[in-house]
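What follows is one structure encoded as structure tokens, with my remarks underneath.
Please treat every number below as a calculation from the coordinates, not as lab data. All values reported here derive from a predicted model rather than from experimental measurement. Please note: Cβ atoms are built from the backbone with ideal geometry, for glycine as well, and neighbour counts cover all protein chains shown.
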């Protein structure tokens, strides 16, 4: 039986077989999660956030995630290439770094204009 994963903030829902990695599910659903290492936990580009409500919907963190993420695991950060889906899940995709920088600059400019 298939399980669903929702990718936020896109609201995109993808149905996959249990045991599918979050990265593979994203690719099947045409959701962009960048990676340079081909899904080998080498580049750390595929970080996603998992709300505590959905922690049990993913497999436990791998040794590679423990080594690479350390304390970020406690904050709900996982590597999409390592975390596999075992129940109805939801993950939050990080904001593109360039878009985040532009957004912060615009916010700063707007707050400067108020004074």
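Side notes on the structure shown:
- In degrees, nearest ten, helix 97-113 long axis to first principal axis of the chain (Cα): 30
- On full extension, the segment bounded by residue 4 and residue 74 gains 22.8 nm, given 0.36 nm per residue less the C-alpha separation.
- Percent RCO, i.e. relative contact order, over the chain, from Cα pairs under 8 Å lying at least 6 residues apart: 32
- Least to most buried among 51, 63 (fewest other Cβ within 10 Å first): 63, 51
- Multiplying the residue separation of residue 67 and residue 98 by 0.36 nm and removing their Cα-Cα distance gives an extension gain of 8.5 nm.
- Taking other C-beta atoms within 10 Å as the exposure proxy, 91, 48, 3 rank 3, 48, 91 from fewest upward.
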